[in-house]
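Let me begin by presenting the structure, written as structure tokens, before commenting on it.
The values are calculated or read from the model by the stated rules, or taken from the named source; none is laboratory data. On a predicted model such as this, the values are computed, not experimentally measured, just so you know. Neighbour counts run over all protein chains shown; Cβ positions are idealised from the backbone, glycine included. Just so you know, the surface numbers come from the protein's heavy atoms only, side chains and all, with ligands and any DNA or RNA stripped out. Shrake-Rupley method; radii C 1.70, N 1.55, O 1.52, S 1.80 Å.
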Amino acid sequence: TTARDGGHVRMCSAVECGRLFFPRIEPAVIVLVQAPAGGDRCLLARHAGASEGSYSTLAGFVEVGESLEDAVHREIAEEVGVEVTDLAYQGSQAWPFPAGLMVAFRATALSEEIDVDGVELLEARWFTSDELRARAAAGRLGRVDSIDRHLLGSWLAATGRPA
């Protein structure tokens, strides 16, 4: 194949073929889970390999044949044992992997009981908006250019006082 259109398309170089190949996209979901019944808390987790006290929203790859919504339900159930409802699309971001796309959602937990998988996640806990604002003030709310930070910031704004 040869590169075309600035490398965004590859074309079969055989004269009789000319078939175009487009890049694959590997979608993932990232979710801010808020507490049930309008609770002023959201669920964050510490991933394996993350430093002590480093928490973020929950995320995972979409499996073949799975809808984005189904991926949200599956990932949250697998990682923290929480069922969610009221999914709302929040945005998307290209991800640093060569073909990644993070699709962001907000969801509401049906229960506050957490059962961390112990493999991908080491711990998870509910944070109040005040705790998140304190983390933001200390520079611990995630990278400024990340969809994770956008999810947390928009949730804080929705609770009445932005970070």
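For segment 139-150, what are the residues that are out of contact with any Lys or Arg (no Cβ under 8 Å at 6 or more places or on another chain) and open to solvent by 70 Å² or more (accessible area, probe 1.4 Å)?
The answer is Arg140, Val144, Asp145, His150.
If I ask for residues that are in a helix (DSSP H, G or I), within 11 Å of Ala107 (Cα to Cα) and open to solvent by 50 Å² or more (accessible area, probe 1.4 Å), which ones from segment 49-94 would you list? Don't jump to the end; show me each part of the working.
Of segment 49-94, the ones in a helix (DSSP H, G or I) are 68-80.
Next, only the ones that are within 11 Å of Ala107 (Cα to Cα) stay: 69, 72-73, 76.
Scanning segment 49-94 gives Glu69, His73.
Looking for whichever is more than 18 Å from the chain's Cα centre (by Cα), of a type in the set (Gly, Ala, Ser) and closer than 13 Å to Ala45 by Cα here; the options are Gly139, Gly118. Which one fits? Can you show your working first?
Details: Gly139 fails: closer than 13 Å to Ala45 by Cα.
Matching residue, one of Gly139, Gly118: Gly118.
Check segment 130-148 and report whether any residue there is part of a strand (DSSP E or B) and aliphatic (A, V, I, L, M).
Taking segment 130-148 as the starting set, the residues that turn out to be part of a strand (DSSP E or B) are none.
Scanning segment 130-148 turns up no residue that is part of a strand (DSSP E or B) and aliphatic (A, V, I, L, M).
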- Item | Qualifying positions in segment 95-125 - crowded, with 16+ Cβ neighbours inside 10 Å and among the β-branched types (Val, Ile, Thr) | Val103, Thr108, Ile114, Val116
- Scan (1) over 21 Å from Glu75 (Cβ atoms); (2) of a type in the set (Ser, Thr, Tyr); (3) modelled with pLDDT of 90 or more; (4) surrounded by 15 or more Cβ atoms within 10 Å (Cβ to Cβ) for the single condition Thr128 breaks and write down its number. (4)
- Task: Among the candidates Val29, Val33, single out the residue that is in contact (Cβ under 8 Å) with a residue 12 or more places away in the chain, in contact with a Gly (Cβ under 7 Å, 6 or more places away or on another chain), closer than 18 Å to Phe105 by Cβ and outside any helix (DSSP H, G or I).
- Result: Val29
- Message: Which pairs turn up if I take residues in segment 77-93 that are over 25 Å from Leu122 (Cα atoms) and look for partners that are among the basic types (Lys, Arg) with beta carbon separation below 7 Å, at least 6 apart in sequence or on another chain?
- Response: Ala88/Arg106; Gln90/Arg106
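Evaluate the following for Arg10: is it open to solvent by 30 Å² or more (accessible area, probe 1.4 Å), more than 17 Å from Ser129 (Cα to Cα) and either of a type outside the set (Ser, Thr, Tyr) or touching a helix residue (DSSP H, G or I) at 6+ places or on another chain (Cβ under 8 Å) (or both)?
Details: open to solvent by 30 Å² or more (accessible area, probe 1.4 Å): yes; more than 17 Å from Ser129 (Cα to Cα): yes; either of a type outside the set (Ser, Thr, Tyr) or touching a helix residue (DSSP H, G or I) at 6+ places or on another chain (Cβ under 8 Å) (or both): yes.
Considered against the rule, which asks whether it is open to solvent by 30 Å² or more (accessible area, probe 1.4 Å), more than 17 Å from Ser129 (Cα to Cα) and either of a type outside the set (Ser, Thr, Tyr) or touching a helix residue (DSSP H, G or I) at 6+ places or on another chain (Cβ under 8 Å) (or both), Arg10 comes out as yes.
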- Query: Can you name the number of the only condition in (1) within 30 Å of Ala134 (Cβ to Cβ); (2) within 16 Å of the chain's Cα centre (by Cα); (3) buried (at least 19 other Cβ atoms within 10 Å of the Cβ) that Arg46 fails?
  - Reply: (3)
- Note on the structure: Among the residues of segment 127-155, the number that are in contact (Cβ under 8 Å) with a residue 24 or more places away in the chain, among the β-branched types (Val, Ile, Thr) and over 13 Å from Ser56 (Cβ atoms) is 1
- Find the residue count for segment 86-115, including only residues that are closer than 26 Å to Asp40 by Cβ and among the aromatic types (Phe, Trp, Tyr). 2
